[in-house]
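Remarks on the structure that follows.
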Amino acid sequence: MSQIPHFISTEPFDAEATVAVGSSVSERYAKASQARLIWWRFLRHRLAVVSLAFLVVSYVAILFVEFLSPYELSSRHTDFIFAPPQSVHLFHDGAFVGPFVYPLDYALDMDTLKRTYAEDRSQPMPIRFFCEGETYRFWGLFEADTHFACPPEGGTLFLLGTDRLGRDMLSRIVYGARISLTIGLVGVTLSFILGITIGGLAGYFGGWVDATVQRVTEILRSIPELPLWLALSAALPLTWSPLLIYFGITLILALLDWPGLARAVRSKLFALREEDFVVAAEMLGASPRRIIFRHLLPNFMSHLIASASLSIPTMILAETALSFLGLGLRPPITSWGVLLSEAQNIEAVALYPWLLLPMLPVVLTVLAFSFVGDGLRDAVDPYQH
């Protein structure tokens with residue numbers, strides 16, 4: 001009877017080498033901090049890593065929107081109203097020219113009264129980079145005119161088309177990113193301050209404090225969010241400045257988001273407040289504030305960070321919805337929701353579909369935050385390996 005083949009190594013066993021390798025790996029994980037372990041687990045979620053890189057680039061870009069935009073925010077081109085997106089080309093008549101666009105020829109269709117544009121393919125117009133263009137005020141502090149990309153000399157650069165006033169859609173989307181992306185961060189920051197403070201007090205003291213907080217959160221969570229958003233947004237005075245409207249909308253979103261976080265903090269503190277390290281801190285005379293913020297919250301801060309990453313897209317969508325309905329931010333403030341408010345009729349969808357392009361960054365940003373939130377939630381789970 002033939003012997004059954006097997007794949008076990010016949011090399012002699014080297015106990016010392018095995019112990020050395022195992023100890024080095026174990027030592028690496030044993031000495032790693034909790035934050036480093038979470039980061040290592042997060043890196044395994046490749047989609048979350050890519051999404052995080054996209055968000056980092058987006059938030060860094062909003063610091064330089066004036067430089068990145070080919071045109072100034074309110075710059076109008078009355079000869080190119082509802083102009084379609086211009087295509088970028090590299091070759092002309094088989095020869096490499098570099099990034100360039102063809103000029104647009106305008107005509108009015110007298111039967112449909114629709115503006116039609118056609119490319120004049122006889123004249124390539126190279127795009128300029130790191131060039132002098134329209135003057136802008138960088139963050140409202142000083143004047144500058146340097147842009148990353150500029151239209152050709154005597155030409156136009158409408159990569160995403162223009163709107164009803166001849167304003168460049170790409171420039172307005174880039175400018176709108178500053179408002180739409182920061183409103184989520186500011187709103188979540190305010191919501192975190194309220195949720196952690198109120199939930200921490202309810203979870204640590206209990207009794208009538210907990211009962212009061214529970215009733216307030218139940219009342220707020222029982223009211224449909226959209227009608228409450230609409231009512232509070234409509235209550236903002238029309239005479240307020242754009243800056244006050246921005247902070248008013250942010251405060252409304254924060255006030256309606258904190259109850260969920262407060263209940264999560266409360267439940268965690270109920271589970272931790274009887275632990276030995278809390279009793280020891282109390283016996284040493286630590287104040288309730290120190291116990292809550294120095295000893296209790298750090299034990300589940302990673303879970304709160306994961307929750308925040310999932311709350312930011314909710315606020316971005318809320319601002320977009322309110323602005324789309326005309327009850328959120330209002331011109332001259334420009335956000336993605338304000339831009340989408342110009343695409344509320346069938347004419348925009350049928351004749352000028354590029355007016356719907358502001359919804360693309362909204363979708364990408366919300367998906368990116370969702371993927372990052374999923375990655376963080378898996379990374380902070382102690383039972384994930």
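The values are calculated or read from the model by the stated rules, or taken from the named source; none is laboratory data. Computed from a prediction, not measured in an experiment: that's the story for all the values here. Quick reminder, even Gly has a Cβ in these numbers, built from the backbone with ideal geometry, and neighbours come from all protein chains shown. These area figures cover heavy atoms from the full protein model, side chains too; ligands, DNA and RNA do not enter into them. Shrake-Rupley method; radii C 1.70, N 1.55, O 1.52, S 1.80 Å.
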Tell me which of these Ala149 doesn't satisfy, since it passes every other one: (1) open to solvent by 60 Å² or more (accessible area, probe 1.4 Å); (2) farther than 19 Å from Val349 by Cα; (3) within 28 Å of the chain's Cα centre (by Cα).
(1)
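Listed here are the residues, each with its yes/no results for (1) charged (D, E, K, R); (2) surrounded by fewer than 21 Cβ atoms within 10 Å (Cβ to Cβ).
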| site | (1), (2) |
| --- | --- |
| Leu296 | no, no |
| Trp354 | no, yes |
| Leu357 | no, yes |
| Leu364 | no, yes |
| Asp374 | yes, yes |
Please work out if Phe142 is over 26 Å from Tyr352 (Cα atoms), surrounded by 10 or more Cβ atoms within 10 Å (Cβ to Cβ), under 35 Å from the mean Cα position of the chain (by Cα) and modelled with pLDDT of 85 or more.
no
Which residue pairs have Cβ atoms closer than 9 Å, lie 6 or more positions apart in sequence or on different chains, and pair a first residue in the stretch 327-350 that is under 12 Å from Gly176 (Cα atoms) with a second residue that is surrounded by fewer than 18 Cβ atoms within 10 Å (Cβ to Cβ) and hydroxyl-bearing (Ser, Thr, Tyr)?
Pro332/Ser74; Thr334/Ser74
Take the stretch 272-294 and flag every residue that is open to solvent by 50 Å² or more (accessible area, probe 1.4 Å), of a type in the set (A, V, I, L, M, F, W, C), more than 16 Å from Phe205 (Cβ to Cβ) and not in a loop (DSSP other than H, G, I, E, B).
Phe277, Met283
Candidate set from the stretch 157-191 (those that are among the hydroxyl-bearing types (Ser, Thr, Tyr) and open to solvent by 20 Å² or more (accessible area, probe 1.4 Å)); member that is farthest from Tyr102 (Cα to Cα)
Thr189
Residues of the stretch 99-130 satisfying the condition of being surrounded by fewer than 16 Cβ atoms within 10 Å (Cβ to Cβ), among the hydrophobic types (A, V, I, L, M, F, W, C) and not in a loop (DSSP other than H, G, I, E, B)
Ala107, Leu108, Ala118, Phe129, Phe130
Kindly list the number of the only condition in (1) under 20 Å from the mean Cα position of the chain (by Cα); (2) modelled with pLDDT of 85 or more; (3) crowded, with 23+ Cβ neighbours inside 10 Å that fails for Gly195.
(1)
Specify the residue that is modelled with the lowest pLDDT; the eligible residues are those in the stretch 198-220 that are among the aromatic types (Phe, Trp, Tyr) and surrounded by fewer than 21 Cβ atoms within 10 Å (Cβ to Cβ).
Phe205
Matching residues in the stretch 44-69 - criterion: being part of a loop (DSSP other than H, G, I, E, B) and in contact with a helix residue (DSSP H, G or I) (Cβ under 6 Å, 6 or more places away or on another chain)
His45, Ser69
Check Ala149, Ala83 and return the single one that is among the small types (Gly, Ala, Ser), part of a strand (DSSP E or B) and under 27 Å from Pro353 (Cα atoms).
Ala149
From Ser323, Ser311, Ser307, residue being of a type in the set (Gly, Ala, Ser), modelled with pLDDT of 80 or more, under 14 Å from Ile196 (Cβ atoms) and surrounded by 16 or more Cβ atoms within 10 Å (Cβ to Cβ)
Ser311
Considering only the stretch 64-71, I want to know if a residue exists there that is aromatic (Phe, Trp, Tyr), more than 21 Å from Leu355 (Cα to Cα), open to solvent by 80 Å² or more (accessible area, probe 1.4 Å) and at pLDDT 90 or above.
yes
Cβ-Cβ distance below 7 Å, separation of 6 or more or different chains: which pairs start in the stretch 302-322 with a residue that is touching a residue at least 60 places away in the same chain (Cβ under 8 Å) and end on one that is of a type in the set (Asp, Glu)?
Ser311/Asp257; Met315/Asp257
Identify, please: which residue in the stretch 195-230 is of a type outside the set (Val, Ile, Thr) and not in a helix (DSSP H, G or I) and is, among those, nearest to Leu296 (Cα to Cα)?
Gly206
Selection within the stretch 240-284 - within 27 Å of the chain's Cα centre (by Cα) and among the hydroxyl-bearing types (Ser, Thr, Tyr):
Ser241, Tyr246, Thr250
Report yes if some residue within the stretch 95-117 is out of contact with any helix residue (DSSP H, G or I) (no Cβ under 7 Å at 6 or more places or on another chain) and basic (Lys, Arg); otherwise report no.
yes
Going through the stretch 221-259 in order, the residues found to be modelled with pLDDT under 80 and crowded, with 21+ Cβ neighbours inside 10 Å are Trp229, Ser233
